[in-house]
Amino acid sequence: MAEQVWHLKSCELFANLATDQIRRLEMHSRVRSFTARSLVYLPYQAADSVFLLTRGMVKVCHSTPDGKQSTLAFIEPGELFGELALFDPSQRDEFVEVVTAATVVMIPADQLIQLMSEANAFAVGITKLVGLRRQRIQRRLRNLLFQSNRDRLTHLLLELAEQFGVLAEQGVRLRIKLSHQELANLIGSTRESVTIVLGQLKAEGLIESGRRQIVLLRPQQMAEGVGQSYRQTPPQGLPTR
């Protein structure tokens, strides 16, 4: 039980809750571990829990009726996922696949709903989490509808740099490793198209790539090319050469 309390306290959303509130969540929560490529949950399963990731990485995905897969978000330790169970407890629309071996705390949705009614700051935090995640997904969907493959991929690389970028000697290195197919799933394109665009960006000196590793050499120039104000926090001091 002590492990669950530590996991909950380590998440910013839960950090300021009263001890008795944390203990109550602890009593009803379960810790589970998953191996890479396993599934945390599937579409159409009952949406009765919210998940806190404490180790590893998972991705939230959606499948179309014709079998095509799109990736909606990557989740890192300290983040909640499956949060729509708080608002629609019927069925899941998406599925969650484990990227690297992961541990999650499964929290019953009804317990979180009760907590939201008791703690206004916690309720606001959950609402912001849902809003920001939906905003990111909607932005990507707009890009799918109105932009070229190049602009979609550029937007995605900048978005990934905001979430997973670390300042390196050459530029900004993405600490998340993605295959060309995984990048294609994120922008609704094909592996072949992604390979071509990455080759173009590399030839223009905007990125360096290899072995599922990407470094943005000139992120500011990339952002200007798609009309986006680039925000990198952290790291600071992006190269503009």
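I want to check the label-to-label distance for residue 146 and residue 208. Put each point 7 Å from Cα in the C-beta direction and report it in nm to one decimal.
3.6 nm
Most fluctuating residue of 184, 109, 203 in a GNM of the chain with Cα springs under 10 Å: which is it?
203
Rounded to the nearest 20 debye, what is the charge dipole size of segment 133-222 about its Cα centre when +1 sits on each Lys and Arg Cβ and -1 on each Asp and Glu Cβ?
360 debye
Give me the one-decimal nm value for the distance between modelled label points at residue 163 and residue 16, 7 Å along each residue's Cα-to-Cβ direction.
In this crude spin-label approximation the distance works out to 2.5 nm.
Work through the residues other than residue 122 whose Cβ is under 12 Å from its Cβ and net out their charges, Lys, Arg +1 and Asp, Glu -1.
Counting the neighbours of residue 122, the net charge comes to -1.
How far is it, in nm, from the label point at residue 68 to the one at residue 88 when both lie 7 Å from their Cα along the line to the Cβ?
According to this spin-label approximation, the distance is 2.1 nm.
In the chain, with Lys and Arg counted as +1 and Asp and Glu as -1 at Cβ, which of these residues, 124, 22, 53, has the Cα nearest the positive end of the dipole, that is, farthest along it?
Result: 53, furthest along the dipole toward the positive end.
Identify, among 158, 187, 197, the residue whose Cα sits farthest towards the positive end of the charge dipole of the chain, taking +1 on the Cβ of Lys and Arg and -1 on the Cβ of Asp and Glu, with the dipole about the Cα centre.
Positive-most Cα among the choices belongs to 197.
Leaving out ligands and nucleic acids, note down the accessible area per residue over the chain with a 1.4 angstrom probe, in whole Å².
Details: 12420 Å² over 241 residues.
Ligands and nucleic acids excluded, the figure is 52 Å² per residue.
Whenever you get a sec, line up 155, 180 from highest to lowest accessible area (probe 1.4 Å, protein heavy atoms). Show your work: numbers first, answer last.
On the way: 155 25, 180 70 Å².
From most exposed to least exposed: 180, 155.
By how many nm would the segment from residue 35 to residue 221 grow when fully extended, if each residue of separation counts as 0.36 nm and the alpha-carbon distance is taken off?
Working: separation 186, 0.36 × 186 = 66.96 nm, distance 3.90 nm.
Stretched out fully, the residue 35 to residue 221 stretch lengthens by 63.1 nm.
Let me check I've understood the local charge: for residue 63, count other residues with C-beta under 12 angstrom from its C-beta, Lys and Arg +1, Asp and Glu -1. What total comes out?
Working: positive: 68, 92; negative: 66, 93, 94, 97.
With Lys, Arg at +1 and Asp, Glu at -1, the neighbours total -2.
Between rounded, prolate and oblate, where does segment 111-170 land on the alpha carbon gyration tensor, with a ≥ b ≥ c its root eigenvalues, rounded for a/c under 1.5, else prolate if a/b exceeds b/c?
It is oblate, given that a/c is not under 1.5 and a/b is not larger than b/c.
Working with all protein chains in place, sort 202, 68, 59 by solvent-accessible area computed with a 1.4 Å probe, largest first.
68, 202, 59
Give the aspartates and glutamates whose C-alpha is closer than 17 Å to that of residue 68, dropping any in the same chain fewer than 8 places away, or say none.
Cα-Cα hits under 17 Å: 93, 94, 97, 182, 192.
To the nearest 20 debye, what charge dipole does the chain have about its Cα centre, counting +1 at the Cβ of each Lys and Arg and -1 at the Cβ of each Asp and Glu?
620 debye
Filter the chain for me: DSSP H helices, axial length by Cα at least 27 angstrom, mean Kyte-Doolittle hydropathy not below -0.5. List them by residue number. Intermediate results must be reported in sequence, preceding the final value.
On the way: long enough: 120-146 (39 Å, -0.03).
Membrane-span-like by this criterion, though nothing is claimed about a membrane: 120-146.
At a 1.4 Å probe radius, carbon and sulfur cover how many percent of the accessible area of the chain?
Answer for the chain: carbon and sulfur cover 52 percent of the accessible area.
The values are calculated or read from the model by the stated rules, or taken from the named source; none is laboratory data. Computed from a predicted model, the values in this text were never measured in an experiment. Please note: Cβ atoms are built from the backbone with ideal geometry, for glycine as well, and neighbour counts cover all protein chains shown. Keep in mind that these areas ignore ligands, DNA and RNA; they rest on the heavy atoms of the full protein, side chains included. Shrake-Rupley method; radii C 1.70, N 1.55, O 1.52, S 1.80 Å.
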